[in-house]
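**Q** The structure's right below; bear with me while I get my questions together.
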Amino acid sequence: MPESTDPRDRLIVALDLPDVGQAERLVARIGDAATFYKIGYRLAYAGGLDFAARLAAEGKKTFLDLKLHDIGNTVEEGVRSASALGATFLTVHAYPQTMRAAVRGRGAGLKILAVTVLTSYDDADAAEAGYALPVADLVARRAEQAAEIGIDGIVCSAAEARAVRTRIGADRLIVTPGIRPAGTEAGDQKRVMTPGEARAAGIDHVVVGRPITGADDPRAVAQRIVAEMEGA
Ligand SMILES: O=C(O)c1cc(=O)[nH]c(=O)n1[C@@H]1O[C@H](COP(=O)(O)O)[C@@H](O)[C@H]1O
């Protein structure tokens, strides 16, 4: 994908809020400081899909973070339904069967992102889930498979961005959650980097939720994150 010319597009604000009213108020407070919003299943199950379609109709970019994973037919048809919502990105888990189905169901204009290993996982969590590989190796393997299958972008930690880039080439996207401006709480995130470190590692977009949604001045935090990436 060609590089976006608007630096604000690099920041995706995760609208992990309990209802559409709160999401609307946050989007209004952030104003033109952000152009791209993620709707995950906290909001999606509370009217967020209609809200996402409205945001898209108003000219914002939207990311449906539904992390689909099911039998192929269900994923393919689910992706086909989601394609009608006017979103820019949709997530699926990076299992080969799931990724192939998502590519089959993808409509024009919708990019599929494959979630490799969640940023709340470290090696011990991966081992507990039954994986023999360390997280970095699992991310690399899934990124390679995603590229072979024709997935548009990878979700991983910024710590893996350089290794992922060598495996997926320049034309696929790297989208990284687990981003924390210096001095903010990591919370349940384990593989964390700052916005500037992530940008320097070659990511295309960062996803930031609580450091913005929980801020006294969310607009100012969004502006600082964009500026930090521009300076990186
Ligand atoms: O797919 C995602 O967006 C995602 C993948 C991942 O590995 N880790 C991760 O944190 N996310 C999402 O990114 C957002 C991060 O939120 P904060 O930790 O509040 O910044 C949440 O909405 C997560 O659901």
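The values are calculated or read from the model by the stated rules, or taken from the named source; none is laboratory data. Please read these numbers as outputs of a predicted model, since none were measured by experiment. Glycine also receives a Cβ, built like all others from the backbone with ideal geometry; neighbour counts cover every protein chain displayed. Note: areas computed on protein heavy atoms with side chains; ligands, DNA, RNA excluded. Shrake-Rupley method; radii C 1.70, N 1.55, O 1.52, S 1.80 Å.
**Q** Within 12 Å, Cβ to Cβ, of LYS190, how many net charges do the neighbouring residues add up to if Lys/Arg are +1 and Asp/Glu are -1?
**A** -2
**Q** What whole-number distance in Å separates the alpha-carbon centres of region 34-84 and region 106-125?
**A** Region 34-84 and region 106-125 have Cα centres separated by 14 Å.
**Q** While we're here: Want the number for SER81 to ALA227: 0.36 nm per residue separation, take away the alpha-carbon distance, what's left?
**A** 48.9 nm
**Q** Between ALA200 and ALA129, what is the label-to-label distance in nm when each label sits 7 Å out along the Cα-to-Cβ direction?
**A** 2.9
**Q** May I pose another question? Give me the net charge of TYR41's neighbourhood, meaning all other residues with Cβ under 13 Å from the Cβ of TYR41; Lys, Arg count +1, Asp, Glu -1.
**A** Around TYR41, the surrounding residues sum to +1.
**Q** Sort THR184, THR166, THR176, THR5 by accessible area with a 1.4 Å probe, largest first.
**A** The ranking, largest first, comes out as THR5, THR166, THR184, THR176.
**Q** Would you mind getting me the FRET efficiency between ASP137 and THR74? Use the beta-carbon distance for r and R0 = 22 Å, nearest 0.05.
**A** E between ASP137 and THR74, to the nearest 0.05, is 0.15.
**Q** Testing the spin-label approximation: label points 7 Å from Cα along Cα→Cβ at ALA182 and ASP19. State their distance in nm.
**A** Result: 4.0 nm between the two label points.
**Q** Add +1 for every Lys or Arg and -1 for every Asp or Glu among the other residues with Cβ under 9 Å from the Cβ of LEU90, and state the total.
**A** So the surrounding residues net to +1.
**Q** Right, here's the next one. For the chain, report the % of Cα-Cα distances exceeding 29 Å.
**A** Distances greater than 29 Å cover 22 percent of the Cα pairs.
**Q** Any chance you could run the full-extension gain for GLU144 through ASP171? It's 0.36 nm times the residue separation minus the Cα-Cα distance, nm to one decimal.
**A** Result for the pair: 8.4 nm of gain on full extension.
**Q** Something else: Per-residue ellipticity at 222 nm for the chain, helices alone: DSSP H runs ≥ 4 residues times -39500 (n - 2.57), over residue total, nearest 500 deg cm²/dmol?
**A** -11500 deg cm²/dmol
**Q** A follow-up question, please. Among 28-34, 7-13, how do they line up from the highest to the lowest mean number of other beta-carbon atoms within 10 Å?
**A** Highest-to-lowest ranking by the protection proxy: 7-13, 28-34.
**Q** Sticking with this structure for a sec: Highest first, please rank the peptides 108-115, 196-203, 125-132 by the mean number of other Cβ atoms sitting within 10 Å of their residues.
**A** Output ranking for 108-115, 196-203, 125-132: 196-203, 108-115, 125-132.
**Q** Give the Rg (one decimal place) followed by the Dmax (whole number) of region 110-232, computed from C-alpha coordinates and expressed in Å.
**A** Both quantities, over Cα of region 110-232: 14.6, 44 Å.
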